[in-house]
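Notes to accompany the following structure.
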Amino acid sequence: MSLLAILFSYDTVTGERQKGTLRLVISNSVSRVNILLGKWIGGMISLLIPFILSLLTGAIYISINPSIQWDGSAWIEFCLLIAASITFITLFYLLGLGISTFSRYSSTSILTCLFLWVLLILVIPNMCPFISAQLYRIPSVNKIERQTNRLQGIERDELGRKFSREVREQFRQKYSTLFSEFESMQYGGLWGRCTPANRKATQQRAAADPEFKAMMNAFREQLNQAWSKANRIQGEKADKLRKDLTTKAAAQTKLAKSIACVSPYANFVYLATDLTGTGLRSLNYFEQVKSEYGKLFWPYLNKKVKDAMEKDPTYDAESFLDVSDRPRFMFKEESLRGKLNAVLPYWGILVLFNVVFFVSAFAGFMRYDVR
């Protein structure tokens with residue numbers, strides 16, 4: 001539609017000058033202001049009638065299709081999107097009209113209009129990410145991923161084993177023979193793993209000896225704490241790297257979006273996608289909702305594991321855990337007010353483009369030589 005708007009308006013003034021009709025119109029008592037407004041309003045009506053009819057056809061299909069269920073908020077977003085589209089189309093019609101008022105020939109006008117259209121629609125939006133990447137450099141994602149994998153893999157295991165050895169040494173000194181018996185029963189399988197027979201023997205021994213059971217539970221509790229400590233330390237290091245990358249990537253993205261705002265097309269894309277919940281903002285909103293859900297789910301899961309270990313001394317990572325009563329994830333889209341507040345700056349820039357192009361067309365037409 002932006003290209004059609006330019007094709008409708010590039011010769012509105014130059015075309016009539018070349019045909020000689022503009023001189024005849026100006027020779028009458030009609031003011032130049034009324035002529036310019038008439039060209040603008042008439043051209044936009046010609047453009048928008050088929051555009052609105054096609055959208056109404058789509059709206060009718062949506063309303064009668066039983067598989068598409070839109071609520072009131074969706075219909076409001078649809079109407080706002082139409083209004084934003086009209087703002088965008090009008091902008092390019094005024095651009096073509098303005099170029100026409102500064103050109104003497106239609107051939108010059110169409111070449112200038114097409115050059116500006118390619119620049120504003122194709123070149124600037126696609127170049128902005130590359131410009132932003134050069135102006136604001138960030139670490140490689142693959143590099144950060146390798147570092148975090150090492151922190152939460154090899155280095156975490158090394159630190160966990162270190163803490164585990166310290167816990168075992170403490171229990172060896174405190175319980176001596178009793179702990180040695182537990183170790184032989186628990187880790188006496190192939191490769192030092194607990195076999196079903198070991199697990200059953202340990203369970204029987206714990207049922208028969210309260211002291212053995214208390215020592216075993218205390219050991220497992222401290223061993224879990226040791227591994228949790230290792231996970232926490234290495235996780236904090238990895239989270240720091242990820243957070244730093246996320247912060248820098250967000251700053252780079254913000255810079256790219258700011259540069260791209262010199263293009264009407266970029267503003268329209270940000271407006272349309274944020275308004276309809278299909279852009280980067282909706283992704284960030286989903287991440288926030290997911291994070292809130294994690295604050296409910298992970299404490300629930302940790303409590304489930306702890307309760308299972310208290311009920312069954314032989315519980316390990318391979319044991320079955322019933323989580324059927326877990327909190328469910330329910331996603332609800334951002335409110336219309338929140339979306340509208342986010343897109344108003346982009347819409348304002350589109351309106352500003354309209355004002356600038358109209359003023360340019362007005363200034364050019366007031367001084368235009370009709371001869």
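The values are calculated or read from the model by the stated rules, or taken from the named source; none is laboratory data. Predicted, not measured: the structure shown is a model, and the values here were computed from it. Cβ atoms come from the backbone with ideal geometry, glycine included; neighbour counts cover every protein chain shown. These area figures cover heavy atoms from the full protein model, side chains too; ligands, DNA and RNA do not enter into them. Shrake-Rupley method; radii C 1.70, N 1.55, O 1.52, S 1.80 Å.
For the stretch 117-187, just say rounded, prolate or oblate: build the C-alpha gyration tensor, square-root its eigenvalues into a ≥ b ≥ c, call rounded for a/c under 1.5, and beyond that prolate if a/b exceeds b/c, oblate if not.
Since a/c reaches 1.5 and a/b is larger than b/c, the shape of the stretch 117-187 is classed as prolate.
Beta carbons within 10 angstrom, averaged per residue: use that to sort the peptides 83-89, 134-140, highest first.
Top of the packing list down: 83-89, 134-140.
Considering only C-alpha atoms, what is the centroid distance from the stretch 256-333 to the stretch 93-109, in Å?
51 Å
Can you run phi through the Karplus equation (6.51, -1.76, 1.60; θ = phi - 60°) for the stretch 204-216 and list ³J(HN,Hα) in whole Hz, with x for Gly and Pro?
Per residue, the Karplus-derived 3J(HN,Hα) values read 5, 5, 5, 5, 8, 10, x, 5, 4, 5, 5, 5, 5 Hz.
About the Cα centre of the chain, what is the dipole size in debye to 20, counting +1 per Lys and Arg Cβ and -1 per Asp and Glu Cβ, all else neutral?
Value, rounded to 20: 860 debye.
Using only the alpha-carbon atoms of the stretch 210-310, report the extent along each of the three principal axes, biggest first, to the nearest angstrom.
Principal-axis extents of the Cα atoms in the stretch 210-310, largest first: 76, 27, 10 Å.
For a quick size check, give me the Cα extents of the stretch 16-92 along its three principal axes, largest first, whole Å.
59, 19, 19
Assuming a viscosity of 1.306 mPa s and a temperature of 10 °C, what translational diffusion coefficient in µm² per second does Stokes-Einstein assign to the stretch 74-170, Rh being the Kirkwood radius over Cα pairs?
81 µm²/s
Applying a 10 Å radius around every beta-carbon, put 91-98, 298-305 in order of their mean neighbour count, most first.
91-98, 298-305
Go through LYS254/LYS339; LYS213/LYS311; LYS19/LYS39; LYS229/LYS303; LYS143/LYS290 and tell me which ones have a Cα-Cα distance over 21 Å in this structure.
Check vs 21 Å cut-off fails for LYS143/LYS290.
Specify which residue in the list LEU111, GLN186, GLN234 is farthest towards the positive end of the charge dipole of the chain, using unit charges on the beta carbon of Lys, Arg (+1) and Asp, Glu (-1), about the Cα centre.
So the residue furthest toward the plus end is LEU111.
Taking the square root of 5 times each eigenvalue of the Cα gyration tensor, what semi-axes in Å does the equivalent ellipsoid of the stretch 118-158 have, largest first?
After scaling each eigenvalue by five and taking roots: 39, 9, 4 Å.
By average Cβ neighbour count within 10 Å, what is the ranking of 196-203, 105-112 from highest down?
Result, highest mean first: 105-112, 196-203.
Could you pull the accessible area for GLU145 with a 1.4 Å probe, rounded to 10 Å²?
Answer for GLU145: close to 90 Å² accessible.
Putting +1 on Lys and Arg Cβ atoms and -1 on Asp and Glu Cβ atoms, find which of ILE99, SER140, LEU122 reaches farthest to the positive end of the dipole of the stretch 80-164.
About the Cα centre, the residue reaching furthest to the positive side is SER140.
Per residue, how many Å² of accessible area does the stretch 1-92 show with a 1.4 Å probe?
Result: 54 Å² of accessible area for each residue.
Using 0.36 nm per residue of separation minus the Cα-Cα distance, give me the extension gain between TYR293 and VAL25 in nm, one decimal.
Full extension of this stretch gives 89.7 nm more.
Could you work out the Kirkwood radius for the chain, taking every pair of different alpha carbons, averaging 1/r and inverting it, reported in Å?
So the Kirkwood estimate lands at 27.4 Å.
When the accessible area of the stretch 7-74 is split by element with a 1.4 Å probe, what percent falls to carbon and sulfur?
Roughly 66 percent, rounded to a whole number.
Hey, if you put +1 on the Cβ of every Lys and Arg and -1 on every Asp and Glu Cβ in the stretch 284-371, which of GLY364, ASN341, SER291 ends up farthest toward the positive end of that dipole?
Projecting each Cα onto the dipole axis, the largest value belongs to GLY364.
Taking only Cα atoms of the stretch 284-371, what ratio of Rg to Rh do you get with Rh as the Kirkwood inverse-distance radius?
Value, to two decimals: 1.55.
For the stretch 44-54, in order, what is each residue's ³J(HN,Hα) by Karplus, 6.51 cos²θ - 1.76 cosθ + 1.60 with θ = phi - 60°, in whole Hz (x at glycine and Pro)?
For the stretch 44-54, the Karplus curve yields 5, 4, 4, 6, 7, 4, x, 5, 5, 4, 5 Hz.
Return the FRET efficiency for the residue pair PHE286, LEU223: r is the Cβ-Cβ distance, R0 is 45 Å, and the value is rounded to the nearest 0.05.
Once rounded, the FRET efficiency stands at 0.75.
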